[in-house]
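Report on the structure given below.
The values are calculated or read from the model by the stated rules, or taken from the named source; none is laboratory data. Please read all numbers here as calculations on a predicted model, not as lab measurements. So basically every Cβ, Gly included, is an ideal-geometry build from the backbone, and we count neighbours across all protein chains shown. Calculation scope for accessible area: heavy atoms of the full protein, side chains included, ligands and nucleic acids excluded. Shrake-Rupley method; radii C 1.70, N 1.55, O 1.52, S 1.80 Å.
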Amino acid sequence: MVMAFDRPEAISDGLRDEVSNDHLEYLIRSERVIAAGPLHVATPDKTDPRSIAMGTLLFFNAVDRDDAIEFVENDPAARAGLYETMTVHRFNSLDVTGKFVSENLYFPGQNTYQMKEAMEHW
């Protein structure tokens, strides 16, 4: 996963809006993304106009750390200079519902159905 925070100037200069379509297209075409979305300034009400996007949280599949870093560095938003910081973390998803279990594209044959089978059993 990557957690990226926008440069303060990028929040006001419109860069986020400018690169938004290219960023989304990159994520969609990669076929690697599990979940993605902007991070917003916390406000009491979700419709508060002060709750502006100020970063990105992205969960995606990668073979290893180098592959993950290459993927996020090639994101058009990163290449355009939107982010002040980008931090890559290893994240192991634990689906306790069994609803979202899928095969691991990078390690075929790996038993990824253990949680689903356990949920059905119990």
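Couple of notes before you dig in:
- Residue tally, condition loosely packed, with under 13 Cβ neighbours inside 10 Å, of a type in the set (Val, Ile, Thr) and modelled with pLDDT under 90, over segment 20-57: 3
- So residue 89, is it without any contact (Cβ under 8 Å) to a residue 40 or more places away in the chain and not small (Gly, Ala, Ser): no
- Residues of segment 58-68 that turn out to be open to solvent by 40 Å² or more (accessible area, probe 1.4 Å) and under 14 Å from residue 91 (Cβ atoms), as a count: 4
- Selection within segment 15-33 - assigned to a helix (DSSP H, G or I) and under 15 Å from residue 57 (Cβ atoms): 16, 23, 24, 27
- Looking across segment 4-19, just one residue is open to solvent by less than 50 Å² (accessible area, probe 1.4 Å) and free of Cβ contacts under 8 Å to residues at least 40 places away in the same chain, and that is 14.
- Long-range neighbours under 6 Å by Cβ, at least six apart or interchain, first residue in contact (Cβ under 8 Å) with a residue 12 or more places away in the chain within segment 73-85, second surrounded by fewer than 17 Cβ atoms within 10 Å (Cβ to Cβ) and assigned to a helix (DSSP H, G or I): 76/22
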